[in-house]
């Protein structure tokens, strides 16, 4: 499907949050949402870097309602504090774009002892979404967009996700772990939508997407990719402006509500696609949800304190 930023409706009166907004797809998504009238909160770990991005978005669009919120996805306490700060503003929330991610990085544990790719790509967004979900429900119709990847197709084992070895360094393979986190993004999308519908919440639209092979900083920590593969595939990659189209479409297009598009996976450009069998396994989605909650209870004491 051909779709362009010119087709975005007016978002005046809408409030949006975008994670990983200091650069790349997050910055571009924030820019287009702001250009079309949304009040945008750009989340990032680095105050200096993200505030610079905020200033650049304001300058490029003429928008004034663009703000920075600090959020370190490797520290769930930071995620909680960010959610509290937003909630304290007493604003509605119509759009949440869980954009931030890391790819094939060396083994590292987050502050809570969770492997960094799962911590950033899955757990932090799980917690942020749960904290903000009451506002998204109150603000219906609303959107949640989870940025996944066609990389989920590498998670081909019958288990889908190797829950028992996620945090074990001796079992760590950067690319396979990345694939499993991207599978988790799709499973989280489907299970969250199922739970919302089960509770009678029909107008929170949860979808996910693969943005494409995009020229961003995502691969900056993967030496193998940088020095061998990136020069070879650089010319096949698309620009950030093109890469952000699909997630911006899911965040803004009237199609999502008029066509009741929920719990779907999209690939460039703005096309519904069929993910792997593992990504459609609702038993696995339920197992991921239960495992995530149990890990949070075990590793993060703040999980039960802030509702």
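The set of residues in region 137-161 being surrounded by 15 or more Cβ atoms within 10 Å (Cβ to Cβ) and under 15 Å from residue 287 (Cβ atoms) consists of 155, 160, 161. The set of residues in region 270-305 that are assigned to a loop (DSSP other than H, G, I, E, B) and touching a strand residue (DSSP E or B) at 6+ places or on another chain (Cβ under 9 Å) comprises 270, 274, 275. A count restricted to region 107-128 and to residues that are assigned to a loop (DSSP other than H, G, I, E, B) and buried (at least 19 other Cβ atoms within 10 Å of the Cβ) stands at 3.
Just so you know, in region 243-268 the residues that are touching a strand residue (DSSP E or B) at 6+ places or on another chain (Cβ under 9 Å) and assigned to a loop (DSSP other than H, G, I, E, B) include one that is surrounded by the most Cβ atoms within 10 Å (Cβ to Cβ), and it is 244.
Which is free of Cβ contacts under 8 Å to residues at least 40 places away in the same chain, surrounded by fewer than 22 Cβ atoms within 10 Å (Cβ to Cβ) and part of a helix (DSSP H, G or I), of 77, 59? Talk me through it step by step, then tell me what you get.
Numbers: 77 fails: free of Cβ contacts under 8 Å to residues at least 40 places away in the same chain.
Matching residue, one of 77, 59: 59.
Could we say that residue 131 is surrounded by fewer than 19 Cβ atoms within 10 Å (Cβ to Cβ), within 20 Å of residue 251 (Cα to Cα) and either within 15 Å of the chain's Cα centre (by Cα) or touching a residue at least 60 places away in the same chain (Cβ under 8 Å) (or both) here? Judged against the criteria, residue 131 is a match.
When you check residue 189 against the structure, is it at pLDDT 95 or above and part of a helix (DSSP H, G or I), yes or no? Can you show your working first?
Working: at pLDDT 95 or above: yes; part of a helix (DSSP H, G or I): yes.
So residue 189 fits the description; yes.
Scanning region 6-48 for residues that are more than 19 Å from the chain's Cα centre (by Cα), in contact (Cβ under 8 Å) with a residue 12 or more places away in the chain and part of a helix (DSSP H, G or I) yields a count of 3. Here is the figure for region 42-75: residues that are over 16 Å from residue 20 (Cβ atoms) and touching a helix residue (DSSP H, G or I) at 6+ places or on another chain (Cβ under 9 Å) total 7.
Tallying residues that are in contact with a helix residue (DSSP H, G or I) (Cβ under 7 Å, 6 or more places away or on another chain) and part of a loop (DSSP other than H, G, I, E, B) within region 92-105 yields 9.
The values are calculated or read from the model by the stated rules, or taken from the named source; none is laboratory data. Here the structure is a predicted model, which is why all the values come from computation and not from measurement. A quick note on method: Cβ atoms are made from the backbone with ideal geometry, for glycine too, and the neighbour counts reach across all protein chains shown.
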